[in-house]
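The values are calculated or read from the model by the stated rules, or taken from the named source; none is laboratory data. Predicted model, so just to flag it, every value in this text is computed and none were measured. In this analysis, Cβ positions are derived from the backbone assuming ideal geometry, glycine residues included, and neighbour counts consider all displayed protein chains.
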Amino acid sequence: MVVMVPGYTLAASLIKDGMSAPQAVLTVFLANVIILMPMLLIGHAGTKYG
């Protein structure tokens, strides 16, 4: 989902550049999932060894 202002701005600019609305939302969603993975791994290591 596009919940934050930067995500909304990115989706709006993708739509302006020619993507459809579902494509833009899916792109932002996938980008958030890609960023989430390292955050979870770092958080897990931090709670285990930190």
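The figures follow:
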read-out: Residue identified as over 10 Å from the mean Cα position of the chain (by Cα) and on the phi > 0 side of the Ramachandran plot among G46, G18; value: G18
read-out: Residue list for the stretch 1-21, filter: surrounded by 11 or more Cβ atoms within 10 Å (Cβ to Cβ), assigned to a loop (DSSP other than H, G, I, E, B) and at pLDDT below 95; value: V2, M4
read-out: Residues (small (G, A, S) and either surrounded by 12 or more Cβ atoms within 10 Å (Cβ to Cβ) or at pLDDT below 90 (or both)) located in the stretch 22-50; value: A24, A31, A45, G46, G50
read-out: Subset of the stretch 24-50 (residues that are touching a helix residue (DSSP H, G or I) at 6+ places or on another chain (Cβ under 7 Å) and among the hydroxyl-bearing types (S, T, Y)); value: T27
